[in-house]
1. Looking only at the stretch 20-52, which residues have a backbone nitrogen under 18 Å from a spot 7 Å from the Cα of LYS63 in the C-beta direction?
2. Between rounded, prolate and oblate, where does the stretch 11-52 land on the alpha carbon gyration tensor, with a ≥ b ≥ c its root eigenvalues, rounded for a/c under 1.5, else prolate if a/b exceeds b/c?
3. Please give the contour-minus-distance gain from LYS54 to ILE31: 0.36 nm per residue of separation, less the Cα-Cα distance, rounded to one decimal in nm.
Amino acid sequence: MQKFKFNHTTFIDNVFGICPECKEKAFLVAIIQDYYRCTNCGEDTKQYVNGHIKYLKLNDIDKDYIKKHGTKSSDR
C-alpha cells in the first residue's frame, strides 16, 4: 500500500453527483481539472457545465488527455 503525505495546503476536489456509468449518486473525486472518478464503480467522467452541471462518459480523446496531463501524487 502506497502512503501519501498531505500537508495543510493539500486540497482534494470532490463533488456529489450522479455517475453516468452506474447511474447512482456518488462522490466523484477529481483526478485532474474537470475530470472525476466515481467512488462507487471507479469509472472516469468529465464535468460539463451549461447552466447546470452534468457528468459525461469519457471518449478516447478525453482518456488520452488524462494520460497526457495527469500526474501521480508522488510526482507533484
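A short reminder: the numbers here are calculations on the coordinates, not readings from a lab. Quantities reported herein were computed from a predicted structural model and do not represent experimental measurements. Cβ: placed from backbone, ideal geometry, glycine included. Neighbour counts: every protein chain shown.
1. 20-22, 31-32, 35-38, 41-47
2. Values: a/c = 1.60, a/b = 1.09, b/c = 1.47.
Oblate shape, in that a/c is at least 1.5 and b/c is the bigger or equal ratio.
3. This chain segment gains 6.6 nm when fully extended.
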